[in-house]
1. Give me a count of the residues in the stretch B:178-229 that are over 19 Å from B:Tyr133 (Cα atoms), crowded, with 23+ Cβ neighbours inside 10 Å and aliphatic (A, V, I, L, M).
2. Need at least 2 residues that are surrounded by 14 or more Cβ atoms within 10 Å (Cβ to Cβ), within 14 Å of another protein chain (Cβ to nearest Cβ) and of a type in the set (Ser, Thr, Tyr) per element, so show me which helices (runs of 4 or more DSSP H) inside the stretch B:1-110 make the cut, counting only ones lying wholly within it.
3. Which one of these does B:Glu55 not meet: (1) of a type in the set (D, E, K, R); (2) in contact with a Phe, Trp or Tyr (Cβ under 7 Å, 6 or more places away or on another chain); (3) under 23 Å from B:Leu154 (Cβ atoms)?
4. Within the stretch B:124-139, does at least one residue satisfy the condition of being out of contact with any helix residue (DSSP H, G or I) (no Cβ under 8 Å at 6 or more places or on another chain), closer than 30 Å to B:Val18 by Cβ and away from chain A (no Cβ under 14 Å)?
5. For residues that are hydroxyl-bearing (Ser, Thr, Tyr) and within 12 Å of chain B (Cβ to nearest Cβ), scanning just the stretch A:112-152, find the one that is surrounded by the fewest Cβ atoms within 10 Å (Cβ to Cβ).
6. Within the stretch A:71-99, which residues are crowded, with 21+ Cβ neighbours inside 10 Å, in contact with a Gly (Cβ under 7 Å, 6 or more places away or on another chain) and closer than 24 Å to A:Phe46 by Cα?
7. Across the stretch A:178-204, which residue is modelled with the lowest pLDDT among those that are farther than 26 Å from A:Glu131 by Cβ and surrounded by 21 or more Cβ atoms within 10 Å (Cβ to Cβ)?
8. Restricting the first residue to the stretch B:159-187 and requiring it to be within 14 Å of another protein chain (Cβ to nearest Cβ), which pairs with a second residue that is among the β-branched types (Val, Ile, Thr) and surrounded by 14 or more Cβ atoms within 10 Å (Cβ to Cβ) meet a Cβ separation below 7 Å and a spacing of at least six or different chains?
Amino acid sequence: MAPVIDAHELGIRFDRNRRRRRGGRRLKDALTGRTPPPTKNKSKDFWALRDITFSVDPGEAVGLVGANGQGKSTLLKLIAGVLLPDEGRVSVQGGVAPLIEVTGGFVGSLTARDNIWLTGGLHGLSKQEIEERFDEIVDFAEVGDFLDTPFRHFSSGMKVRLGFSVITTLDEPIVLVDEVLAVGDRAFREKCYGRMSELLSGGRTLFLVSHSEADLRRFCKRGLYLNEGRLVTDGPLDDALEQYNSDASKRRR
Amino acid sequence: MWSRRRILQLLITRDLKVKYAGSVLGYFWSVLEPLMLAGIYWVVFTKLMRRQVGEEPYIVFLLAAMLPWQWANASLRASMRALSKDAKLVRSTSLPREIWVLRTVGSRMMEFLFSLPVLAAFAIATGAHLTWYAIFFPLAMVLQMLLLLGLGLLLAPVAVLYSDVERLITVLLRLLFYFSPILYGVHDISNRLGSTIAKLYILNPFAGILDLYRTAFFAEEWAGWGAVAVSAAISLLLLAIGVRVFRRLEGAVLKEI
């Protein structure tokens, strides 16, 4: 079977000195070709990910492990196509349902109802498809009483529930899940587990980022372990977790 | 991009809904600005000073270029925020990113279309004659669309990466207003400043386009197809540059927003 995700020598670089948001590079520097004076950091760029090569077959569930800041979320974003690699390539067959930023593409000033329509539409659902699924989305997210409340007034739990509900209703063959399960309460988490099992048995491909070993073991047989932007382990989940745990305990010492 | 037109339609409809949320009053606000500007210039040039450029009825002369200019001005300003304003949406969908610029220019075009009844009303009230050149109105719109997309694709990523750009462009747009045939016509330039200056003048791609809109009412003063051809050529060139720059900077922009 042809892989649904195929990453080849994937790499992405960030500028360490770049201030995020509003800051911006000086136009003057760009025009004069002058680089800004170096700060204390030795190198200006750092590779958040480099030389990442792997492929995922349809229906696989892959757990991504690694400490904070080792590139897990960046990798998911590259797969989702919302970041572009500086090196290598990643090809994805079919669409991706990204649960990356917990609240995804929801707009704070719009009501829950409008947000469902907007997000559904942006991910390619037709009017009729959204109409058909609308009640199911609302029921699952348990936000029936707040459909006309602006999204920004939602509690963080409600936001996550709605996000999870909309995104997992999409027909996309690949589902990316980044730490979403950590936020919901216990009852909702159980529901999410159920939904994810459904997706998996329906032949979807699952890519799961989590710090919870229990969650990972529940769904994934295969594990990828990222450390300092490199893919250290690609194999059975147990191997990836073992490597991760031994590195973590080394660091603690 | 064609396969995403439904999504584009969704985004534009949402923009308009937000804009016209207060229905009648919402519409009023969106035409207020060009109307007010036109009103001010009309008072200044016909009541306070003796108008030496343009044609009678001067208010129609003004509006016929002011309304398209409003579309251009609003589009270019909004293009600079097309990627950062809805950063969350941009970051969470893998749509071709050009769509965010297309949406910005497109929803401003819809507002322009909605403002045309104002022009019609003034034309009727002042008894301005519609000429058969009015059939070129859609052509002027197509050219303007291409020009605004080119500039928008160029500005959108650059404005995210370089923070000074937005201020610089805001100033340049103000200058461009006076350097474009809005308060006066292209033929005023050749009449008063000579044909050499006029030839340089039509290198401003807005010149040929705004002039073409005006032929709908003022065909005798039209500078001719030459300026339109120059506008079309420059617009296509800018579009080609815009598409390339956008592609090149896309990756860097996505890291930034």
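The values are calculated or read from the model by the stated rules, or taken from the named source; none is laboratory data. The structure presented is a predicted model; accordingly, all values stated were derived computationally and were not measured. Quick reminder, even Gly has a Cβ in these numbers, built from the backbone with ideal geometry, and neighbours come from all protein chains shown.
1. 1
2. Details: elements: B:5-19, B:23-42, B:58-79, B:87-92.
Because the criterion is at least 2 residues that are surrounded by 14 or more Cβ atoms within 10 Å (Cβ to Cβ), within 14 Å of another protein chain (Cβ to nearest Cβ) and of a type in the set (Ser, Thr, Tyr), no helices (runs of 4 or more DSSP H) in the stretch B:1-110 meet it.
3. If we test B:Glu55 against (1) of a type in the set (D, E, K, R); (2) in contact with a Phe, Trp or Tyr (Cβ under 7 Å, 6 or more places away or on another chain); (3) under 23 Å from B:Leu154 (Cβ atoms), just (3) comes out false.
4. yes
5. Taking the stretch A:112-152 and keeping what is hydroxyl-bearing (Ser, Thr, Tyr), we get A:119, A:126, A:149.
Narrowing further to those that are within 12 Å of chain B (Cβ to nearest Cβ): A:119, A:126.
Working: A:Thr119: 26, A:Ser126: 11.
Filtering the stretch A:112-152 for residues that are hydroxyl-bearing (Ser, Thr, Tyr) and within 12 Å of chain B (Cβ to nearest Cβ), the one surrounded by the fewest Cβ atoms within 10 Å (Cβ to Cβ) comes out as A:Ser126.
6. Once the filter is applied, which keeps residues that are crowded, with 21+ Cβ neighbours inside 10 Å, in contact with a Gly (Cβ under 7 Å, 6 or more places away or on another chain) and closer than 24 Å to A:Phe46 by Cα, the stretch A:71-99 yields A:Gly71, A:Lys72.
7. It comes out as A:Leu181.
8. B:Ala159/B:Val165; B:Val160/B:Val253; B:Val160/B:Ile257; B:Leu161/B:Val253; B:Val165/B:Val158
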